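Trainee: Before anything else, here's the structure in question.
The values are calculated or read from the model by the stated rules, or taken from the named source; none is laboratory data. If you're wondering where the values come from, they're calculated on a predicted model, not measured in any experiment. Here the Cβ positions follow ideal geometry from the backbone for every residue, glycine too, while neighbour counts run over all protein chains shown.
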Amino acid sequence: MTSATQRTIDAVWRMGSAKIIGALARMLRDVGLAEEFAQDALVTALEHWPESGVPDNPAAWLMTAARHRALDHLRRKTLLAHKHEALSHELDARHAMAAAEFSDAVDAAIDDDVGDDLLRLMFTACHPLLAAEARAALTLRLLGGLTSGEIARAFLVPEPTIAQRIVRAKRTLTEAHVPFEVPRADELATRLMSVLEVIYLIFNEGYSATAGDNWMRPALCEEALRLGRILAELIPQEPEVHGLVALMEIQASRTHARVDANGAPILLLDQNRARWDHLLIQRGLAALARAEAQGDAYGSYTLQAAIAACHARARTPEQTDWTRIAALYDALAQIAPSPVVELNRAVALAMAFGPAAGLEHVDTLRDEPALAHYHLLPSVRGDLLAKLGRQDEACAEFRRAAVLTHNARERALLLARAAACLAGK
């Protein structure tokens, strides 16, 4: 196989696999089987295209091959159930419909179904019945077209672990008879939050890697942004979808400024803002405006996007409206209370009203069980102590944070800050 053919197959699969799996899942009502038959079609392409050449419409070729496998499965299932006559008409109708969908006369009808299938697939993969890690892995597999190996490398876990998560997730969905559908209106808000949570989990792992030798994994950020943008197109009436997209666009705009030439982290207030991607900032601000226009009250993602917008609008760190950021964190703490939100609020209070005010708030969190192993608690405390001139205490906090983090780049940064505290005494 030539490298050009391989690249074409990879690109077609990455861009079109979610549509194929979604269409098959609508037929089969089983996400696991849908992915299996889609993978069968991919294997067939890998076997035939190097000799026959890439077809004019490779995505339609894959869809057709996958549908034939799904229809064969339905036919076998029908025969085993001994319902030949009653279901043969249904199978014939399905086969005719599948064939018609690929005729030139109904190309538009295929496009009309794609959005619904993608939306159903997204809500199924992100079902709250699954653990968060399983939802993220299954979403990247079904909607991102990533292999188990690619997902494993992204999250720095062994490939068999990711493969097991995906297999178990699909089995769980099948055994629970989770319907392949967009939730009803009374369930939509709860299920939508699960989808948004998974997308933001993927983004955050790319934006601030929890482990490994790199501080960022931009490919995960890009994948989360792609999923968020798709979701915003499919359900544009939901303000929190636009809020999440706004948050990710604005945060992603800082990617090139967040590390130096050697990959070492650069903190927000030390970044060269000329290196921020201003196209992404404008996209993020536009998404924030859409979220604000649709909701009387801000949701948690829209509030976080509004905080990010305060940084994006400031040409220099000194121009940052920290008082507004502190007020936005106050609002966020009301609707989505958590120790991490309170820690971030402490930083905003310190920037708006002085490090003593921030340290006072941080110290109320020192006995919080959820933050017992969270490296950013001692990191923030160390920063505030250093600003207050309490260098020995700051050094100890930075060292403690370095022990708690699992990211090599972040550990080096924290140890360097500890050393700077000693040097500055």
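Trainee: Based on what the data block shows, is Ala287 among the hydrophobic types (A, V, I, L, M, F, W, C), within 25 Å of Ala350 (Cβ to Cβ), out of contact with any Lys or Arg (no Cβ under 8 Å at 6 or more places or on another chain) and surrounded by 12 or more Cβ atoms within 10 Å (Cβ to Cβ)?
Mentor: Judged against the criteria, Ala287 is not a match.
Trainee: Hey, another quick one. Output the residues belonging to the stretch 183-194 that are surrounded by 14 or more Cβ atoms within 10 Å (Cβ to Cβ) and assigned to a helix (DSSP H, G or I).
Mentor: Those that are surrounded by 14 or more Cβ atoms within 10 Å (Cβ to Cβ) and assigned to a helix (DSSP H, G or I): Leu188, Arg191, Leu192, Met193, Ser194.
Trainee: Still on this model: Condition (residue is in contact with a helix residue (DSSP H, G or I) (Cβ under 6 Å, 6 or more places away or on another chain), touching a residue at least 24 places away in the same chain (Cβ under 8 Å) and surrounded by fewer than 19 Cβ atoms within 10 Å (Cβ to Cβ)) applied to the stretch 296-310: is it met by at least one residue?
Mentor: No; the residues of the stretch 296-310 include none that is in contact with a helix residue (DSSP H, G or I) (Cβ under 6 Å, 6 or more places away or on another chain), touching a residue at least 24 places away in the same chain (Cβ under 8 Å) and surrounded by fewer than 19 Cβ atoms within 10 Å (Cβ to Cβ).
Trainee: Would you check which residues across the stretch 248-266 are more than 15 Å from Asp277 (Cβ to Cβ) and either part of a helix (DSSP H, G or I) or within 18 Å of the chain's Cα centre (by Cα) (or both) and list them?
Mentor: Selection gives nothing.
Trainee: Residues being in contact (Cβ under 8 Å) with a residue 40 or more places away in the chain, crowded, with 18+ Cβ neighbours inside 10 Å, under 26 Å from Ala408 (Cα atoms) and of a type in the set (A, V, I, L, M): count how many of those fall in the stretch 144-182.
Mentor: 2
Trainee: Can you name the residue in the stretch 290-317 that is under 22 Å from Leu280 (Cα atoms) and among the charged types (D, E, K, R) and is also farthest from the chain's Cα centre (by Cα) among such residues?
Mentor: Arg315
Rundown of residues vs (1) over 17 Å from Leu118 (Cβ atoms); (2) surrounded by 16 or more Cβ atoms within 10 Å (Cβ to Cβ); (3) free of Cβ contacts under 8 Å to residues at least 24 places away in the same chain, yes/no style:
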| site | (1), (2), (3) |
| --- | --- |
| Ala4 | yes, no, yes |
| Ala11 | yes, no, yes |
| Ser17 | no, yes, no |
| Ile21 | no, yes, no |
| His48 | yes, no, yes |
| Ala65 | yes, yes, no |
| Asp72 | yes, no, yes |
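Trainee: Just one of (1) touching a strand residue (DSSP E or B) at 6+ places or on another chain (Cβ under 9 Å); (2) free of Cβ contacts under 8 Å to residues at least 60 places away in the same chain; (3) among the hydrophobic types (A, V, I, L, M, F, W, C); (4) surrounded by fewer than 16 Cβ atoms within 10 Å (Cβ to Cβ) trips up Ala211, so point out which.
Mentor: Ala211 satisfies all of (1) touching a strand residue (DSSP E or B) at 6+ places or on another chain (Cβ under 9 Å); (2) free of Cβ contacts under 8 Å to residues at least 60 places away in the same chain; (3) among the hydrophobic types (A, V, I, L, M, F, W, C); (4) surrounded by fewer than 16 Cβ atoms within 10 Å (Cβ to Cβ) except (2).
Trainee: Same structure, new question: Just checking, which of Val182, Val259, Val198 is touching a Ser or Thr at 6+ places or on another chain (Cβ under 6 Å) and of a type outside the set (Asp, Glu)?
Mentor: Of the residues listed, the single one that is touching a Ser or Thr at 6+ places or on another chain (Cβ under 6 Å) and of a type outside the set (Asp, Glu) is Val198.
Trainee: Starting from residues that are aliphatic (A, V, I, L, M) and free of Cβ contacts under 8 Å to residues at least 40 places away in the same chain, keep the ones in the stretch 27-46 and report whichever is farthest from Phe123 (Cα to Cα).
Mentor: Ranking the qualifying residues of the stretch 27-46, first place goes to Ala45.
Trainee: Just to be sure before I move on: is Thr139 over 28 Å from Arg217 (Cα atoms), out of contact with any Lys or Arg (no Cβ under 6 Å at 6 or more places or on another chain) and assigned to a helix (DSSP H, G or I) in the structure I sent?
Mentor: no
Trainee: State whether the residues of the stretch 136-146 include one that is more than 19 Å from Glu36 (Cβ to Cβ) and at pLDDT 90 or above.
Mentor: Looking for residues that are more than 19 Å from Glu36 (Cβ to Cβ) and at pLDDT 90 or above, one finds at least one in the stretch 136-146, hence yes.
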